[in-house]
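Chemist: Pasting a structure here, questions to come.
The values are calculated or read from the model by the stated rules, or taken from the named source; none is laboratory data. Since we're looking at a predicted model, the values are computed, not measured. A quick note on method: Cβ atoms are made from the backbone with ideal geometry, for glycine too, and the neighbour counts reach across all protein chains shown. Surface accessibility is based on the protein's heavy atoms, side chains included, excluding ligands, DNA and RNA. Shrake-Rupley method; radii C 1.70, N 1.55, O 1.52, S 1.80 Å.
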Amino acid sequence: MCVVLPAARGLAEDELFSKVAIDSVFTTASSKSSSEANQAAITIQAGAAKVDSVKDLDQLFPLAKEIDEEAVREFGAIRLVSQSDKWSFSTRMTIQGDSPKVVFEMALVTLGEASLENERAIWLSLMEAGQATQATFFGINRESAEAGKQGQLVLRSTMSAVGLTTESLRSKLQSLSQFAVENSAAWSQFRAKPAENTAKAAVVESSLVGQWLATPVSGEAYAIDLKAASEGSGTFQLVHVKDSKSTVSSGKYSLKDGKFSLKADSGDPLVFPLTWSDADQFELEIGTVKVNFKRQK
């Protein structure tokens, strides 16, 4: 792929492109900046469904797939759906620490802008409920906050990753789900997030085709080239530059119901929530961070 970009259009764009050498971003998979190891950057290796000690996400992912076959790998995390009775909870899992532990964050409800009349009493009841259960408490993920929103109410917990098995992980998730259900009378009083306007997404899905650039922090950039194969799907080439080092991945992409999926030539797909700002900007939720991509013209 060879891309020629137009001259910078104003101070803001000068500052944007000064962070990353654009020639090292929009490049080809055969570029010297890539390697066989780099090209496998988003490849997920299969593993046994039972391990003695889980030290990273590569080991945790097969256990998650045993519990939820639609579990997905995100940057720095694994997301699956945990169920209890008629309730379903999207749960994010990460690995932390030298004596590794699994950290859970179960999404409950998006908080609204307006406060409730008895909000203080609700928070007190949630705090008391959390204190009664070891290593489990209610909190707010403010990184998920949107305009006019306070963030997302979540249930957080941890467990040791030493001796972790599919069944012990399943039991923990069921326990968290049941705990959330038992306290739903309190947290469900917060206003839930309204349904997304899927009609808007459907209108602009075709505009994914093209080249996109994101610079979330100084010294880091994502560049992705999307080509159409059919409606809402096609091929991609992704370059991630960080601290002057770049990795290149390629494969197929798809966009369906606000979920953007990247599947490398081998391994399982990575799935990210996608929100459109306008026809030339979209936001990907990569782990707990929202990264803004702009179309390159």
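Chemist: Compute the length gained on full extension between ASN118 and GLU66: take 0.36 nm times their separation in residues and subtract their Cα-Cα distance, giving the result in nm to one decimal.
Modeler: Extra length from ASN118 to GLU66 when fully extended: 14.6 nm.
Chemist: Here's a follow-up. Pairs to check: LYS101/LYS290; LYS227/LYS259; LYS55/LYS245; LYS65/LYS294; LYS55/LYS252; LYS101/LYS256. Give those whose C-alpha atoms are more than 23 Å from each other in this structure.
Modeler: LYS101/LYS290; LYS55/LYS245; LYS65/LYS294; LYS55/LYS252; LYS101/LYS256
Chemist: What FRET efficiency, computed as 1/(1 + (r/R0)^6) with R0 = 45 Å and r the Cβ-Cβ distance, is obtained for ASP98 and LYS259, rounded to the nearest 0.05?
Modeler: The formula returns an efficiency of 0.85 here.
Chemist: At a 1.4 Å probe, what is the % contribution of carbon and sulfur to the accessible area of the stretch 57-190? Intermediate results must be reported in sequence, preceding the final value.
Modeler: Values: 3050 of 6660 Å².
The nonpolar share, carbon plus sulfur, comes to 46 percent.
Chemist: With every protein chain present, what is the per residue accessible area of the stretch 210-295 (1.4 Å probe, Å²)?
Modeler: Value returned for the stretch 210-295: 44 Å² of accessible area per residue.
Chemist: Between VAL162 and LYS242, how high is the FRET efficiency from 1/(1 + (r/R0)^6) when r is the Cβ-Cβ distance and R₀ = 30 Å? Nearest 0.05.
Modeler: E between VAL162 and LYS242, to the nearest 0.05, is 0.45.
Chemist: If I ignore ligands, DNA and RNA and count only protein heavy atoms, how much of SER84 is accessible to a 1.4 Å probe, in Å² to the nearest 10?
Modeler: Number for this one is 10 Å².
Chemist: Shifting gears a bit: Protein chains only, probe 1.4 Å: how do TRP87, TRP212, TRP123, TRP276 rank by accessible area, largest first?
Modeler: TRP87, TRP123, TRP276, TRP212
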